[in-house]
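Working notes for the structure below.
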C-alpha cells in the first residue's frame, strides 16, 4: 500500500496520516514511516514511472490509433524532438521529401572487390 501511494505521488507526510500505529491507535510519524517502509518509500515512485513509461513505449511502438500521438510525445520527452521554428498560424504540416536516396552505405549495391 505504501509503495503504491508513493508511486501515485502522495507525500510521505500524508501517507503517515492513514497508517495507524497498532500500539497507540494514532497515525505514525515520518520517522517511523521511514524506519518501517524505507524500501517502499524509496522505490515506489521509480516503479510507478517504469510502469507508465513501459506502457507508453508499448503504445508508441504499436499499431493502435494512439500510437502516433504516443510516439510523438515520447520522442519530444526522450528523443529531444521539438516544434521549434513553427511560424504563427502554421499548422505544423511538413511536406514529405519527394525523393530519398541512400548513398555510401557499405554492403549495399555494388560488391566490393
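The values are calculated or read from the model by the stated rules, or taken from the named source; none is laboratory data. Bear in mind the structure is a predicted one, so any value in this text is a computation, not a measurement. Methodologically, a virtual Cβ is constructed for each residue, glycine included, from the backbone with ideal geometry; neighbour enumeration extends over all protein chains shown.
See the values below:
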{"item": "Filter pass, residue 64 being surrounded by fewer than 13 Cβ atoms within 10 Å (Cβ to Cβ), modelled with pLDDT under 95 and in a helix (DSSP H, G or I)", "result": "no"}
{"item": "Condition met for residue 74 (surrounded by 12 or more Cβ atoms within 10 Å (Cβ to Cβ), assigned to a helix (DSSP H, G or I) and modelled with pLDDT under 95)", "result": "yes"}
{"item": "Any hit, region 87-104, residues being out of contact with any helix residue (DSSP H, G or I) (no Cβ under 8 Å at 6 or more places or on another chain), modelled with pLDDT of 90 or more and assigned to a loop (DSSP other than H, G, I, E, B)", "result": "no"}
{"item": "Scope region 23-61; condition exposed (fewer than 12 other Cβ atoms within 10 Å of the Cβ) and not in a helix (DSSP H, G or I); matching residues", "result": "23, 24, 25, 26, 61"}
{"item": "Cβ-Cβ under 7 Å pairs, at least 6 apart or on other chains, region 40-58 side free of Cβ contacts under 8 Å to residues at least 40 places away in the same chain and on the phi > 0 side of the Ramachandran plot, far side surrounded by 14 or more Cβ atoms within 10 Å (Cβ to Cβ) and in a helix (DSSP H, G or I)", "result": "none"}
